[in-house]
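Peer 1: Take a look at this one; I'll ask things after.
Bear in mind these aren't lab numbers, they're just calculated from the coordinates by the rules spelled out. Nothing here was measured: the structure is a model prediction, and the numbers come from that model. Quick reminder, even Gly has a Cβ in these numbers, built from the backbone with ideal geometry, and neighbours come from all protein chains shown.
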Amino acid sequence: MSRSSRWLMIGVVLAGLAGIAWRLWPNDERKIRQTILGMAADATFTGHEGNFAKLGKIGSIAGRFAEDAEVHLEQVLPLDGPLKGRETIRQMLTAGAPYMGAVTVQVYDLQVQLVDDVSATALLTASAKTTGKKGEFDAQEFELRMVKREGRWLVGRVEAVLGYRKPNIQ
Amino acid sequence: MTDATTEGRGEGRGTPWWQIILIGRNPRMTLVRIGVTALLAWFVFGEVLRPMRVAGPSMEPTYRLGQINFLNRWSFKFHPPARSDVVGVRLAGESVVYLKRIIGLPGERIRFVRGQVFVDDDLLVEPYLKNPAPWNEAELQLGPDEYFLVGDNRTMSARDHTHGAFRRSKLIGRVLL
């Protein structure tokens with residue numbers, strides 16, 4: 001084997017090892033992305049899931065929130081106040097499970113910014129598309145505060161970003 | 001037996017017909033053409049004309065669900081946004097955009113009375129509006145950097161219809177077609 005071939009082979013092996021390391025040991029930003037994208041995948045329903053499968057997905061979504069998480073949707077939904085705590089979020093989702101049809105949730109333009117070792121912010125656009133003849137599409141901008149608890153990145157706060165001034169509808 | 005060849009002159013002479021179809025008589029020039037075309041396509045469709053597909057009902061019937069269109073991201077470089085322009089509005093990024101019509105310009109006062117729009121107390125004529133609905137909204141004073149945007153589909157409930165005062169920085173460009 002010539003000298004250049006040997007170096008080429010070493011280069012290929014090193015690149016392969018770097019790729020494996022990148023996959024196996026993601027950095028904090030990638031872990032946060034995985035958490036958020038995983039949540040979107042869990043929030044996607046085909047409409048054919050049974051109740052147990054729905055509850056499993058809801059459990060997975062709730063498990064991505066911190067115990068003291070807050071969800072602020074008052075800007076965009078007629079709610080009295082924020083949802084506070086993982087259990088409240090789980091209960092809300094569970095209550096809505098029987099009415100859940102086929103919906104595809106996707107995340108776009110996800111921007112993650114690490115604040116320090118245990119907190120980060122994420123800005124994203126989430127879309128929900130229902131299937132069927134009267135398929136509806138809606139998109140909303142969100143700002144998330146992520147917190148690291150026991151080595152896991154969890155959602156600490158969700159806030160719907162309005163992005164414009166609403167008129168006073170009478 | 002010999003391969004079929006072209007009878008052309010110059011660089012094409014002796015080149016198999018299949019090679020001419022695949023990479024032309026002069027492969028180097030073909031590569032340059034492909035490169036220039038790819039660069040132009042990237043520039044035009046990535047930087048200037050953003051392809052998009054209508055996904056929501058708020059601009060119906062002007063723009064229907066599933067219609068393909070382009071957003072001219074350079075349109076505001078030469079002319080500021082104007083009334084009745086249909087524009088794209090960014091959310092967290094530009095992957096998903098709202099499609100809305102400008103009905104109010106910076107500094108103006110906008111009010112809906114039984115579906116009719118008043119700009120600084122003057123009635124706005126909206127020929128693009130096919131199905132007006134009796135929306136009533138209190139007057140909204142626009143800031144020096146704000147535009148009032150609303151969709152053409154006023155048959156929707158005003159509460160379900162995203163509309164209001166958007167900052168200039170949110171507007172990406174005009175819709176081409």
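Peer 1: May I ask for the angle, rounded to the nearest 10°, between helix A:3-24 and the longest principal axis of chain A, with both axes built from Cα atoms and the value confined to 0 to 90°?
Peer 2: Around 20 degrees separate the two axes.
Peer 1: Report the Cα-based extents of region B:56-100 along its three principal axes, largest first, to the nearest Å.
Peer 2: Principal extents (Cα only, largest first): 30, 24, 15 Å.
Peer 1: Continuing with this model, one more query. Could you compute the longest span of chain A free of GluC sites (Glu not before Pro) located in DSSP loops and having at most 16 other Cβ atoms within 10 Å, not counting the site residues? Could the numbers behind the result be given before it?
Peer 2: On the way: sites that count: A:E49, A:E74, A:E136, A:E150.
Within chain A, the longest run free of exposed GluC sites (Glu not before Pro) spans A:75-135.
Peer 1: Within a 10 angstrom radius of each residue's Cβ in B:94-102, how many Cβ atoms of other chains show up on average? Whole number is fine.
Peer 2: For peptide B:94-102, the averaged partner shielding equals 3.
Peer 1: Going down the table (A:K54/B:K170; A:K57/A:K166; A:K31/A:K84; A:K166/B:K100), which pairs top 26 Å between alpha carbons? Present the calculation step by step, with values, prior to reporting the outcome.
Peer 2: Working: A:K54/B:K170 37 Å; A:K57/A:K166 34 Å; A:K31/A:K84 24 Å; A:K166/B:K100 14 Å.
In this structure, A:K54/B:K170; A:K57/A:K166 exceed 26 Å between Cα atoms.
Peer 1: Under 5 Å between amide hydrogens, which residues at least 5 positions from A:A69 or on another chain qualify, with H placed 1.01 Å from N in the peptide plane?
Peer 2: A:G85, A:R86
Peer 1: While we're looking at this one, here's another question. Using the Karplus equation 6.51 cos²θ - 1.76 cosθ + 1.60 (θ = phi - 60°), what ³J(HN,Hα) coupling, rounded to whole Hz, does each residue of region A:96-111 give in order, writing x for Gly and Pro?
Peer 2: So the J values, rounded to whole Hz, are x, 3, x, 8, 6, x, 6, 8, 10, 9, 10, 10, 10, 6, 6, 10.
Peer 1: How large is Rg over Rh for the protein assembly as shown, taking Rg from the Cα atoms and Rh as the Kirkwood inverse mean of 1/r across Cα pairs?
Peer 2: 1.10
Peer 1: Can you check how the C-alpha radius of gyration of region A:46-122 compares to 2.2 N^0.38 Å, as a plain ratio? Could you put the intermediate results ahead of the total?
Peer 2: On the way: Rg = 14.6 Å, N = 77, 2.2 N^0.38 = 11.5 Å.
Output field value: 1.27.
Peer 1: Is there a simple number for the mean count of other chain Cβ atoms within 10 Å of the Cβ of residues in B:160-172, and what is it?
Peer 2: 3
Peer 1: Hey, another quick one. Within chain B, which is the longest segment containing none of the trypsin sites (Lys or Arg not before Pro) that sit in a DSSP loop and have at most 10 other Cβ atoms within 10 Å?
Peer 2: B:10-63
Peer 1: Still on this structure, please answer the following. Determine the shielding of peptide A:99-108 by partner chains: average, over its residues, the number of Cβ atoms on other chains within 10 angstrom of each Cβ.
Peer 2: Across A:99-108, the average partner-chain Cβ count within 10 Å equals 1.
Peer 1: In degrees, nearest 10, range 0 to 90: what is the angle between the Cα axis of helix A:51-63 and the longest Cα principal axis of chain A?
Peer 2: Once rounded, one gets 70 degrees.
Peer 1: When N counts the residues of region B:30-160, how does its alpha-carbon radius of gyration compare numerically with 2.2 N^0.38 Å, as a ratio?
Peer 2: In units of the 2.2 N^0.38 Å rule of thumb, it is 1.27.
Peer 1: While we're on this one: So how do B:S169, B:S84, B:S75 line up by other beta-carbon neighbours within 10 Å, fewest first?
Peer 2: Going from sparsest to densest Cβ surroundings: B:S169, B:S84, B:S75.
Peer 1: Moving on. How tilted is helix B:27-42 with respect to the longest principal axis of chain B? Cα atoms for both, answer in degrees (0 to 90, nearest 10).
Peer 2: 0 degrees
Peer 1: Which three extents, in angstrom, do the Cα atoms of region A:27-161 have along their principal axes, listed largest first?
Peer 2: If we take the Cα atoms of region A:27-161, the spans are 46, 32, 28 Å.
Peer 1: Among A:I20, A:I32, A:I89, which one shows the biggest mean-square fluctuation in a GNM of chain A, springs joining Cα atoms closer than 10 Å?
Peer 2: Checking each option, the largest mean-square fluctuation is seen for A:I20.
Peer 1: Please give the per residue volume of the convex hull enclosing the alpha carbon atoms of region B:86-177, rounded to a whole number of Å³.
Peer 2: 101 Å³
Peer 1: Using the Karplus curve 6.51 cos²θ - 1.76 cosθ + 1.60 with θ = phi - 60°, what ³J(HN,Hα) values do you get for each residue of region B:117-124, in whole Hz, with x for Gly and Pro?
Peer 2: Karplus-based 3J(HN,Hα) across region B:117-124 equals 9, 10, 10, 6, 6, 9, 5, 8 Hz.
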